[in-house]
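In what follows, a structure is listed as structure tokens, so that the remarks can point back to it.
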Amino acid sequence: MRVLVVEDELRVRSFVERGLREAGFAVDSAVDGEDGLRLGLVNPYDAIVLDLMLPRRDGLSVLRELRSGGRATPVLVLSAREEIDDKVRGLDAGADDYLPKPFAFAELLARLRALLRRGTARPSLLEVGDLRVDLLARKAERAGQKLDLTQKEFALLEYLARHAGEVVTRTMISEHVWDMNFDSFSNVIDVYIRYLRRKIDEPFEKKLIHTRRGVGYMLSAAT
């Protein structure tokens with residue numbers, strides 16, 4: 001899952017970025033409204049965390065431009081303003097939720113995950129054959145055996161499981177599992193696919209991760 005954080009205050013931005021990465025998200029960031037709008041229009045984010053008081057272009061303007069540009073990405077607005085009128089303006093501009101500062105990261109994470117589930121009607125438990133991926137507990141198991149996955153391995157497995165039965169390209173994977181600093185010409189994705197195979201496929205007779213040469217990968221129990 002890839003998230004854009006648009007926040008000019010270094011302390012807050014670093015706090016949110018670090019927490020999201022520790023929770024398994026790929027994170028891009030912008031320090032002003034112009035860069036935030038540019039990134040939000042160009043990249044396929046799963047969610048955006050947007051401060052309202054930004055240099056160069058304020059958050060409400062960014063939000064309106066994103067919506068008028070056809071972006072339905074869930075947006076969680078952050079603001080030091082707690083007045084009802086400010087919340088109403090934010091929601092009317094297209095925000096999906098509003099979190100006043102200061103905030104606890106646990107609440108931000110819970111609200112963000114709720115937006116992701118609600119925005120696309122995504123289930124919290126994904127099953128592919130005897131593989132079970134619990135998105136709320138951030139755990140996976142196969143045939144009842146717990147899989148010991150790193151955060152990045154889990155993020156990759158989650159993306160494959162959300163698209164079970166579909167071939168996903170390396171570009172699609174890089175856009176949703178890694179951030180904008182990722183070198184798409186490296187072999188990192190192939191390396192992580194090998195890591196997953198060792199844990200998910202090698203101990204079992206039936207293989208779930210399949211390579212479509214020259215195209216990408218597919219997670220399926222039917223192949």
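Structure values in brief
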| quantity | calculated |
| --- | --- |
| Scope segment 1-23; condition assigned to a helix (DSSP H, G or I), within 19 Å of Leu116 (Cβ to Cβ) and among the hydrophobic types (A, V, I, L, M, F, W, C); matching residues | Val16, Leu20 |
| Selected residue (only one of Leu125, Leu115 is more than 16 Å from the chain's Cα centre (by Cα), farther than 14 Å from Ser220 by Cα and at pLDDT below 90) | Leu125 |
| Output for segment 190-212, where each listed residue is β-branched (Val, Ile, Thr), surrounded by fewer than 14 Cβ atoms within 10 Å (Cβ to Cβ) and touching a strand residue (DSSP E or B) at 6+ places or on another chain (Cβ under 7 Å) | Thr211 |
| Candidate set: segment 151-167, residues that are over 15 Å from Leu131 (Cα atoms) and over 16 Å from the mean Cα position of the chain (by Cα); chosen: the one surrounded by the fewest Cβ atoms within 10 Å (Cβ to Cβ) | Glu166 |
| Residue in segment 133-146 that is among the β-branched types (Val, Ile, Thr), within 29 Å of Gly214 (Cα to Cα) and assigned to a strand (DSSP E or B) present | yes |
| Pairs where the first residue, in segment 91-106, is on the phi > 0 side of the Ramachandran plot and the second is surrounded by 14 or more Cβ atoms within 10 Å (Cβ to Cβ) and in a strand (DSSP E or B), C-beta under 7 Å, 6+ apart | Gly94/Val75 |
| Every residue from segment 160-185 that is closer than 20 Å to Arg213 by Cβ, assigned to a helix (DSSP H, G or I) and not β-branched (Val, Ile, Thr) | Leu160, Arg170, Met172, Ser174 |
| Pair list, Cβ < 7 Å and 6+ apart or interchain, from segment 139-158 residues that are over 16 Å from Ser220 (Cα atoms) to residues that are among the acidic types (Asp, Glu) | Leu147/Glu141 |
| The one condition in (1) buried (at least 18 other Cβ atoms within 10 Å of the Cβ); (2) under 16 Å from the mean Cα position of the chain (by Cα); (3) at pLDDT 90 or above that His176 fails to fulfil | (3) |
| Candidates Arg38, Arg71, Arg56 - the one that is assigned to a helix (DSSP H, G or I) and free of Cβ contacts under 8 Å to residues at least 40 places away in the same chain | Arg38 |
| So Ser68, is it closer than 30 Å to Met218 by Cβ, at pLDDT below 90, out of contact with any Ser or Thr (no Cβ under 7 Å at 6 or more places or on another chain) and of a type in the set (S, T, N, Q) | no |
| Options Leu76, Leu37, Leu54; residue that is under 16 Å from the mean Cα position of the chain (by Cα) and closer than 11 Å to Val6 by Cα | Leu76 |
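The values are calculated or read from the model by the stated rules, or taken from the named source; none is laboratory data. Since the structure is predicted, the reported quantities are computational estimates derived from the model, not experimental observations. FYI the Cβ positions are ideal-geometry reconstructions off the backbone, even for glycines, and counts take in every protein chain you see.
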